[in-house]
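Reading through the structure tokens given below for one structure.
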Amino acid sequence: MSAQSPSPDNTPGGPVVEGPFDPEHDPTASYALEPDDVAVLTRRLVATSGRTAEVRSPLNDAPLAHIPQSTAADVETAFARARKAQVAWARTPLEERSAMLLRLHDLVLDRQQEIIDLIVWESGKARKHAFDEPLHVALTARYYARTAKRHVGNSRRIGIVPGLTRVDLNHVPKGVVGIIAPWNYPFNLALIDGIAALAAGNAVVIKPDSQTMLSALLGARLLEEAGLPSDLWLVVAGPGSEIGTAIVERADYVCFTGSTATGRIIAKGCADRLVGCSLELGGKNPLLVLRDADIEKAAEGAVRASFSNSGQLCVSMERIFVADQVYDRFVDRFVARTQALTLGATHDWGNDMGPLISQAQLDAVTAHVDDAVAKGARVLVGGRARPDLGPYFFEPTILEGVSPDMACFGKETFGPVVSLYRFHDEADAVARANDGQYGLNASIYSQDGARARSIARHLKAGTVNINEAFAATFASIDAPMGGMRESGTGRRQGAEGIRRFTETQAVATQRLVRFAPHYGMSDETYAKVMNANLRLMKKVGRA
Ligand code: NAD
């Protein structure tokens, strides 16, 4: 990929990439994919509608690309092709699938700058937050390459008759996994779940969010370069309300990441067909600062927790509960650190925050802050849009005095807005943190790790980070990640993150004895012998 004038290959039906950015950040230059890149990038996109949809950069609202759009019939075609390809892939030795993932790992690290450039163009996020995405993909690819055999390789279970009943477990791939992905982490959320699905022997049909198709298409292209056979990873493009349903109607398993409202629709569709789904949904995540916390560390963590990717992060913190004894000191440091953040619409590493993704997102964030202020909340920092920096900028905002009648008290803002609350005793803090319908992520700052871990058990959250905001659990790929309550169902990462894409099959081989009376034994005697066996098994400690 390079900076150049719009390519002569920008024909109708193919993606036309044009924009004001190049890797040198010259605002007068155009950005375009090279002709070969254009062809390769859309190789796995199934889109015959003849329509295109524009992708614009949130950095300055300039057009970046026109993406060919798919129809419901294209979704059907994609599933048919993927289903055919999956048969051979399921028979491909796990070692070969893993080798492909290790090649992907290297490719993602080698091509990191190109990937980050595209993510910044497309999502507007600060470069240091875009960096997290290829990093997470590489970690995930290596993890499943090295552990798939442990998680989904054949294993044994205890048979009913010791030595005579052998039980083997097979983890049979579901078939074709349908992935519906959001825009906030457009590269890694387009890849990490699918990497696990592929490792388990499935094919994937993915529908990325329309606002961030290019990052997802680059992911598909890298999989192809890593040697993934054709048709095992196909992309469709279009609004969720149109072609999302077509995916839910055909997939053998649906992996959805997005809002709780859409998650409910997906769950109902899957329930109708009796297919499984994992739903990674929204949150209103709490961070607890206990009285023995290291205040400087807590303030640093709270800034990252609240404002990474401009707060458009499912695991980011929107509520901070601080112990009375340290409240003033914490607020002082948190406010100072937030005031020091730099906002900018450039590609360099210097920015702490970029813009929000869109006008809709800016409107939603503005509405939450305006509503809180109108009802009496105090703004300690920020509180307003910054059109002087770019069309969708909103300042990192800290609120005090937020009450239950305000929208931002319990509803997810999904922006750079966080509310501060004081607490007197920890049981009260835990109860308030557990208030509401969500349960995705939580964080505790305390110098007493054991006490913090015991408090964690009482928090209704799928992940709890101690002395860290979200990265410790999210980057620990062996640790399952997902939500309780309305934050979702199912887990990504770890053994749970790959086994969800398989059906567990038990195969029992019986030798010598059978489960019926032998040698003229009556049913009654057989029952007595079986009962005696059960008592013996208990006595000798069998499970
Ligand atoms: P969204 O639900 O509107 O969209 C997500 C995806 O679903 C998009 O690809 C969209 O096209 C598709 N979609 C929309 N309507 C659909 C339908 N009826 N059928 C099928 N697909 C449909 O979500 P959003 O508001 O764009 O994304 C932000 C939300 O995602 C936030 O709530 C955030 O917390 C959540 N999120 C959660 C995680 C997680 O891991 N838990 C990660 C990132 C984002």
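The table that follows gives values for the structure above.
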{"read-out": "Total residues in the range 394-428, condition surrounded by 21 or more Cβ atoms within 10 Å (Cβ to Cβ), over 18 Å from ALA305 (Cα atoms) and free of Cβ contacts under 8 Å to residues at least 60 places away in the same chain", "value": "2"}
{"read-out": "Tally of residues being more than 30 Å from ALA80 (Cα to Cα) and assigned to a loop (DSSP other than H, G, I, E, B) across the range 46-62", "value": "6"}
{"read-out": "Check on ALA145, part of a helix (DSSP H, G or I), surrounded by fewer than 22 Cβ atoms within 10 Å (Cβ to Cβ) and of a type in the set (A, V, I, L, M, F, W, C)", "value": "no"}
{"read-out": "Total residues in the range 241-264, condition closer than 25 Å to GLY410 by Cβ and within 6 Å of the ligand (Cβ to nearest atom)", "value": "4"}
{"read-out": "Residue check, ASP209 in contact with a Phe, Trp or Tyr (Cβ under 6 Å, 6 or more places away or on another chain), open to solvent by 20 Å² or more (accessible area, probe 1.4 Å) and assigned by TED's automatic domain parsing to the domain that holds ARG111", "value": "yes"}
{"read-out": "Test: residue in the range 376-391 that is under 17 Å from VAL120 (Cα atoms), in contact with a Phe, Trp or Tyr (Cβ under 9 Å, 6 or more places away or on another chain) and more than 16 Å from the ligand (Cβ to nearest atom)", "value": "no"}
{"read-out": "Complete set of residues in the range 96-139 that are within 19 Å of ALA216 (Cβ to Cβ) and outside any helix (DSSP H, G or I)", "value": "ARG111, GLY124, LYS125, PHE131"}
{"read-out": "Any hit, the range 495-514, residues being open to solvent by less than 70 Å² (accessible area, probe 1.4 Å), within 14 Å of the ligand (Cβ to nearest atom) and of a type in the set (S, T, N, Q)", "value": "no"}
{"read-out": "Odd one out for LEU234 among (1) buried (at least 24 other Cβ atoms within 10 Å of the Cβ); (2) closer than 29 Å to ARG44 by Cβ; (3) within 11 Å of the ligand (Cβ to nearest atom)", "value": "(3)"}
{"read-out": "Restricting the range 278-293 to residues that are open to solvent by less than 60 Å² (accessible area, probe 1.4 Å) and away from the ligand (no atom under 11 Å from the Cβ), the residue that is farthest from GLU496 (Cα to Cα)", "value": "ASP292"}
{"read-out": "Only one of GLU486, GLU468 that is under 30 Å from LEU101 (Cβ atoms) and either surrounded by fewer than 20 Cβ atoms within 10 Å (Cβ to Cβ) or touching a residue at least 40 places away in the same chain (Cβ under 8 Å) (or both)", "value": "GLU468"}
{"read-out": "Cβ pairs under 8 Å, 6+ apart, first in the range 308-326 and among the aromatic types (Phe, Trp, Tyr), second more than 10 Å from the ligand (Cβ to nearest atom) and not in a strand (DSSP E or B)", "value": "PHE321/ALA429; PHE321/ARG432; PHE321/ALA433"}
{"read-out": "Hits in the range 325-345 (condition: in a helix (DSSP H, G or I) and not basic (Lys, Arg))", "value": "GLN325, VAL326, TYR327, ASP328, PHE330, VAL331, ASP332, PHE334, VAL335, ALA336, THR338, GLN339"}
{"read-out": "Single condition ALA431 does not satisfy, out of (1) surrounded by fewer than 13 Cβ atoms within 10 Å (Cβ to Cβ); (2) in contact (Cβ under 8 Å) with a residue 40 or more places away in the chain; (3) closer than 17 Å to ASN285 by Cβ", "value": "(2)"}
{"read-out": "Number of the condition not met by VAL303 [criteria: (1) buried (at least 19 other Cβ atoms within 10 Å of the Cβ); (2) among the β-branched types (Val, Ile, Thr); (3) touching a strand residue (DSSP E or B) at 6+ places or on another chain (Cβ under 8 Å); (4) farther than 20 Å from GLY462 by Cα]", "value": "(3)"}
{"read-out": "Residues that are assigned to a helix (DSSP H, G or I) and of a type outside the set (A, V, I, L, M), drawn from the range 72-95", "value": "ASP74, GLU76, THR77, PHE79, ARG81, ARG83, LYS84, GLN86, TRP89, ARG91, GLU95"}
{"read-out": "Cβ-Cβ under 8 Å pairs, at least 6 apart or on other chains, the range 68-84 side closer than 10 Å to VAL46 by Cβ, far side at pLDDT below 95 and β-branched (Val, Ile, Thr)", "value": "PRO68/THR42; PRO68/THR52"}
{"read-out": "Of all residues making up the range 515-525, the number that are modelled with pLDDT of 95 or more and open to solvent by less than 70 Å² (accessible area, probe 1.4 Å)", "value": "2"}
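Conditions (1) closer than 30 Å to LYS125 by Cα; (2) out of contact with any Asp or Glu (no Cβ under 9 Å at 6 or more places or on another chain); (3) acidic (Asp, Glu), marked per residue:
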| site | (1), (2), (3) |
| --- | --- |
| ILE158 | no, yes, no |
| VAL161 | no, yes, no |
| THR165 | no, yes, no |
| ASP168 | no, yes, yes |
| HIS171 | no, no, no |
| ILE180 | yes, no, no |
| ASN202 | no, no, no |
| GLY219 | yes, yes, no |
| GLU225 | yes, yes, yes |
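The values are calculated or read from the model by the stated rules, or taken from the named source; none is laboratory data. What you are looking at is a predicted structure, and each value in this text was computed from that prediction instead of being measured. Glycine also receives a Cβ, built like all others from the backbone with ideal geometry; neighbour counts cover every protein chain displayed. Calculation scope for accessible area: heavy atoms of the full protein, side chains included, ligands and nucleic acids excluded. Shrake-Rupley method; radii C 1.70, N 1.55, O 1.52, S 1.80 Å.
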